[in-house]
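Beneath this line is the structure, given in structure tokens, with notes to follow.
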Amino acid sequence: MARAAGCGGDAASEKARLDKVDARLDIALADGRVVFFPSIEPPRATPAEPGLPQDAANQLASLLQGKTLLVQPLGGADRWGRVPVRLFPEGAGESADETLVAAGLVMASADPGLCAEGVKAAEAEARAAKLGIWADPGYAVLAGEDSAAFAARNGTLAIVEGRIGSIGHGYSRVYLNFAGRRGAALVIAKRNRRAFERAGFDEESLRGRMVRARGVVEIGASPLIETFHPGQIEFMEEAPRAGASGKGDSP
């Protein structure tokens, strides 16, 4: 599995041992540091699996306990004092976050970062096989046209798939509408628009396209998923034939 330079288990790393793992998958190391995986979303309880957060923590602790850990810091500590890392049990071929995702215990975060190709690929395989959380209705991929399905997911990270039927413009936002004014929409702040265009997500390329997007659901007059960077959106098919078009409208 290809990774960016410096992202593999043989990249520069520090050795550590595990102290404990909490239900948000924050990892306390024996040397006193607290580290976390920016590539994955902490698990949440669902009606079908109320014990999921602790189950995932137990699985991670079992994976790491008693082993020498290779820790690769990915940046400075956050406001809670946690350091973002990649982490490998010594001798393992994949990182601990990849192992969790591959087992269907967690999903990739909205911004998994430069060293998360393995995480994203593992999630795609687990999702296709309906492993773990992907068999749980509380984690089901949402259809962009089915706005009613978003209500139970307010405030949670979700994946939505659908065809961009139209594009609307507000004062400070662009709306990628799946099903007209009252349907769900992806939202791009106009200040971020150029970053999306540079990544190939300009209006002409988006209109009429089938996409998969990842973000936090917000319920207002209609369901919205705000997208802050191009990595949250991917095309699911080739560009439509020449001549295909759609008309923009207001959100």
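The values are calculated or read from the model by the stated rules, or taken from the named source; none is laboratory data. Being a predicted model, the structure only gives us computed values, none of them experimental. Ideal geometry is used to build each Cβ from the backbone, glycine not excepted, and the neighbour counts take in all protein chains shown. Only protein heavy atoms, including side chains, enter the accessible area calculation; ligands, DNA and RNA are left aside. Shrake-Rupley method; radii C 1.70, N 1.55, O 1.52, S 1.80 Å.
With respect to the conditions (1) in contact (Cβ under 8 Å) with a residue 12 or more places away in the chain; (2) more than 27 Å from Q232 (Cβ to Cβ); (3) assigned to a helix (DSSP H, G or I), S62 lacks only one, and its number is (1). A single entry from E94, E41 fulfils the requirement of being under 18 Å from E123 (Cα atoms) and touching a Ser or Thr at 6+ places or on another chain (Cβ under 6 Å): E41.
Go through the stretch 136-184 and tell me which strands (runs of 3 or more DSSP E), entirely inside it, have 2 or more residues that are more than 30 Å from P53 (Cβ to Cβ) and modelled with pLDDT of 90 or more.
Hits in the stretch 136-184: 166-169, 173-177.
When residues in the stretch 58-104 are screened for being crowded, with 23+ Cβ neighbours inside 10 Å and touching a Gly at 6+ places or on another chain (Cβ under 6 Å), 2 of them pass. Quick check on my filter: what residues within the stretch 185-209 are of a type in the set (A, V, I, L, M) and either more than 20 Å from R163 (Cβ to Cβ) or not in a loop (DSSP other than H, G, I, E, B) (or both)? Passing the criteria: A185, L186, V187, I188, A189, A195, L206. In the stretch 60-119, of all residues being hydroxyl-bearing (S, T, Y) and within 19 Å of the chain's Cα centre (by Cα), the one that is farthest from R24 (Cα to Cα) corresponds to S95.
Out of A12, A4, A110, report the one residue that is in a loop (DSSP other than H, G, I, E, B), open to solvent by less than 40 Å² (accessible area, probe 1.4 Å), at pLDDT below 95 and farther than 22 Å from T156 by Cα. Can you show your working first?
Details: A12 fails: open to solvent by less than 40 Å² (accessible area, probe 1.4 Å); A110 fails: farther than 22 Å from T156 by Cα.
Result: A4 is the single residue among A12, A4, A110 that is in a loop (DSSP other than H, G, I, E, B), open to solvent by less than 40 Å² (accessible area, probe 1.4 Å), at pLDDT below 95 and farther than 22 Å from T156 by Cα.
Does A126 satisfy being open to solvent by less than 10 Å² (accessible area, probe 1.4 Å), part of a strand (DSSP E or B) and modelled with pLDDT of 95 or more? For A126, the condition - open to solvent by less than 10 Å² (accessible area, probe 1.4 Å), part of a strand (DSSP E or B) and modelled with pLDDT of 95 or more - is not met.
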